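Here's the structure we're looking at; comments come further down.
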Amino acid sequence: MTFKPLITLLSSALLVMSLFPSMVKAHADHHHDEDSEIIVNNAQVRVFLPASKSTVGYLSIVNHGNADVTLTKAAIDGLGRVEIHEHAHVNGMMKMQKVDTLLIKAHQQLDFKPGGYHLMAFEPSEAIKAGQELKLTLYFSDGNRVFTQAQVVSLESQVEQASQSKQHHTHH
């Protein structure tokens, strides 16, 4: 009797088991329901800076559906008010303005990031701390809602992530 098939099987099992934690972590970074065509990735809320009355949130929304959807509102547990904002060039100046609705086209991804669309959050019921997770709810014009967890992060960790992202993209 030869042990080669058994060794191959055990090697394959060990490889899958070693990859499993990273697959779970990668999967944990986004949210979807079995029936949902909207997926939210990498939702983050920054801790409030000292003496600041607002903070910012970033995320990516992917519309896997065949129809456009319209985001109308966002809410974050523990924060009294959340608004959708964008940075726009107005009369040659960069300006931040509130957005009442936001179209997400079919089969497209919309990134909320510095210098573009983002969430502005106000009125915390208590101090939020880096490492916490807060429930984020996105509301759409068709009545659908998407729930996910937003990771609370520090300004320093956001700067570090942005730096790593730029370094990663420049090496391609």
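Taken together, the values in this text are just the output of simple stated rules run on the coordinates, not laboratory data. Source: prediction; values computed, not measured. Note that each Cβ is placed from the backbone with ideal geometry, even for glycine, and that neighbours are counted across all protein chains shown.
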### Task
Give me a count of the residues in segment 48-72 that are more than 13 Å from the chain's Cα centre (by Cα), surrounded by fewer than 18 Cβ atoms within 10 Å (Cβ to Cβ) and closer than 26 Å to H107 by Cα.
7
### Query
Just checking, how many residues over segment 95-126 are closer than 21 Å to V159 by Cα and loosely packed, with under 13 Cβ neighbours inside 10 Å?
3
### Task
Those residues that are on the phi < 0 side of the Ramachandran plot, over 15 Å from the mean Cα position of the chain (by Cα) and assigned to a strand (DSSP E or B), I need them from segment 122-138; list them, please.
F122, P124
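Out of A75, A150, A88, I need the residue that is part of a strand (DSSP E or B), surrounded by 15 or more Cβ atoms within 10 Å (Cβ to Cβ) and over 13 Å from the mean Cα position of the chain (by Cα). Which one?
Criteria check complete, one pass: A75.
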